[in-house]
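**Q** Take this structure first; my questions come after.
Taken together, the values in this text are just the output of simple stated rules run on the coordinates, not laboratory data. If you're wondering where the values come from, they're calculated on a predicted model, not measured in any experiment. Ideal geometry is used to build each Cβ from the backbone, glycine not excepted, and the neighbour counts take in all protein chains shown.
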Amino acid sequence: MKKLVLILLYLFMSGILYAQAADEAESLVKDGVVLEDEGKSDSAVAYYQRALVLDKNNLMALTEMSYSLLSLGRYDDAIKFCRRAIKTHPGDDGLKIVYVSYGNAYDMLRKTARSIEIYDEGLRMFPEYFQLYYNKGITLLGENKSEAAMACFQRSVTLNPDHASSHNALARLLLSDNRKIPALLAFCRFLSLEPESKRSNPALTYIQKIMKGNVVVTGKNAVAVQISPGNFIKSGKQMVNDFSSTELMLGMSSALAHDSVNRDKSEVEQFISEFGTACGSLKETEKDNYGFYWDYYVPYFTEMNEKGLIKTFAYIIFSSSENSDVREWIKSHNTEIDDFNKWSDGFSWRIN
């Protein structure tokens, strides 16, 4: 009887000690994450190592360790910790982040085929995790597999409409393929999510180039709108993701900016006018068109236009331009900006 009591007491005390060690390990990991966020990856790794001494298979420690090792360029070491996490925590939902680091590590080692295999392995387990699609798309893009990458970015924004990086990647890829209107919509969605970051002003510059790209000054008071003739060739059925009508309308609207009446308008005022016209064109031709960009992006922008939110949207996305008039407008229109964000956050995206 005494022996049984001692065994039970030992098990009880062991449980308490393990719980205390696990709590301490978790605390160390949280401290390490703070250091990683501050760019102190080496220090963060030291904290994760201490955590793993206390709780050798702590998933949070293994996950954060692999991420910090990636930051340090220690890709082989990152792979080891990813494998350890997968082996010791089969089926755990937390592994979806591990698979992102796992695939990234192989991508950075230029072992892209293996990287894609890892992402696919992760997607078989977590088919709804947008980050795996996004990162797979980046790897495919590095291999010049543009169509496959585009499909990944499309899936990523569908699963998470608020993932700014996926919209930005999709927009740049579309622009490189000269698909101007879908690129414009993707860039605009990106800036609705991330209006003031290092990536915002380049995106705004791309938007302005797209808006003005089809207008050519041919004389002192003359301009021409150039649209590829191929956009208007139809072979019986409507073409998928055809935006030629809107591109023409946008070109004509942009041409009016050179008119003496509109010449003195600011860039943001011109954008409001031209983008509103483009959204009107999208609404008019929506029922006759189809494809991912029509189904996904167009309803967001046509509803924005119908609700009279284009002006607020314009000032939000121009906030990265450091224009003093834009800054002043933003400072004095908090209510309008809050209303826009409330609408945008509550928009019902078509997810299929």
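**Q** Suppose R0 equals 45 Å. What FRET efficiency, 1/(1 + (r/R0)^6) with r the Cβ-Cβ distance, do residue 24 and residue 339 give to the nearest 0.05?
**A** Working: r = 47 Å, r/R0 = 1.04.
So, using R0 = 45 Å, E works out to roughly 0.45.
**Q** At a Cα cut-off below 19 Å, give the aspartates and glutamates reachable from residue 40, other chains included and same-chain residues fewer than 8 away excluded.
**A** Those aspartates and glutamates meeting the cut-off are 26, 31, 64, 77.
**Q** Could you tell me which of the pairs 30/198; 180/287; 180/307; 209/283; 136/342; 283/311 are separated by over 29 angstrom between their Cα atoms in the structure shown?
**A** On the way: 30/198 27 Å; 180/287 20 Å; 180/307 25 Å; 209/283 23 Å; 136/342 32 Å; 283/311 18 Å.
Those over the limit are 136/342.
**Q** Let me ask something else. Give the Kirkwood hydrodynamic radius (Å, one decimal) of the range 33-159, defined as one over the mean of 1/r across all pairs of different Cα atoms. Spell out each step's value before the answer.
**A** Working: mean 1/r = 0.0676 Å⁻¹.
Roughly 14.8 Å, rounded to one decimal.
**Q** Just grab the label-to-label distance for residue 121 and residue 324, each label 7 Å out from Cα along the Cβ direction, in nm (one decimal).
**A** Result for the modelled spin labels: 5.9 nm.
**Q** Another question about this same structure. Would you list, by chain and number, the aspartates and glutamates whose Cα falls below 13 Å from the Cα of residue 265, excluding same-chain residues fewer than 8 positions away?
**A** Counting by Cα, and skipping residues close in sequence, residue 265 has these aspartates and glutamates nearby: 274, 325.
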